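K.L.:
Next up is a structure, given as structure tokens.
We did not get these values from a lab; they are worked out from the coordinates using the rules stated. Just so it is clear, the model here is predicted, and its values are computed rather than measured. Here the Cβ positions follow ideal geometry from the backbone for every residue, glycine too, while neighbour counts run over all protein chains shown.
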Amino acid sequence: MDDNELAAQWEQQIQQEAAGNEQEKQKESENTKAASFAPLKASIAPSGINNLDFLLEVSLQVSVIIGATKMLIKDLLQLGQGSIIELNKIAGEPMDVMVNDRLIARGEVVVVNDKFGIRLTDIMSPTDRVEQLK
């Protein structure tokens, strides 16, 4: 078998494979259909408070900041029972009420039945709270 005959056989084989592939593609296209979906229906969401029910179980960290200070480590290590730490707030000044480390209100400390609490005296406006997010 010479080179010309071998080349002719290769060419014939390639053409047969190409024709077979074309036939397979035609069969596949005949067997496939366009997907059809039912039209989407608009769902009516419940109005009012029901939309927010899922938020009522979200846990938030609430803290009241009485005051703060900066100390050296050597001073911190010398603290013991009865030590006094000077804070940056004056007695009677409103305490900061923080929710997830964001200021939302200020208030004054109260004692009710031997328990400490805070009476809110000033609540931040929604505009001020949005400004804090920036």
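K.L.:
For region 59-133, with only Lys/Arg (+1) and Asp/Glu (-1) charged at the beta-carbon, what is the dipole magnitude about the Cα centre, in debye rounded to 20?
P.N.:
140
K.L.:
While we're here: Provide the FRET efficiency to the nearest 0.05 for the residue 132-residue 84 pair, computing r from the beta carbons and using R0 = 30 Å.
P.N.:
Between residue 132 and residue 84 the formula returns 0.40.
K.L.:
Which value in nm describes the separation of the simple spin-label points at residue 91 and residue 53, placed 7 Å from the Cα toward the beta carbon?
P.N.:
Each label point is offset 7 Å from its Cα along the Cβ direction, giving 5.1 nm.
K.L.:
Oh, and also: Distance in nm between label sites at residue 113 and residue 60, each 7 Å beyond Cα in the beta-carbon direction?
P.N.:
2.5
K.L.:
Mind giving me the nanometre distance, one decimal, between the label points for residue 8 and residue 37, set 7 Å out from Cα along Cα→Cβ?
P.N.:
Result: 5.7 nm between the two label points.
K.L.:
Take the Cα atoms of region 59-133, build their convex hull, and give its volume per residue in Å³.
P.N.:
Spread over its residues, the Cα hull of region 59-133 gives 158 Å³ apiece.
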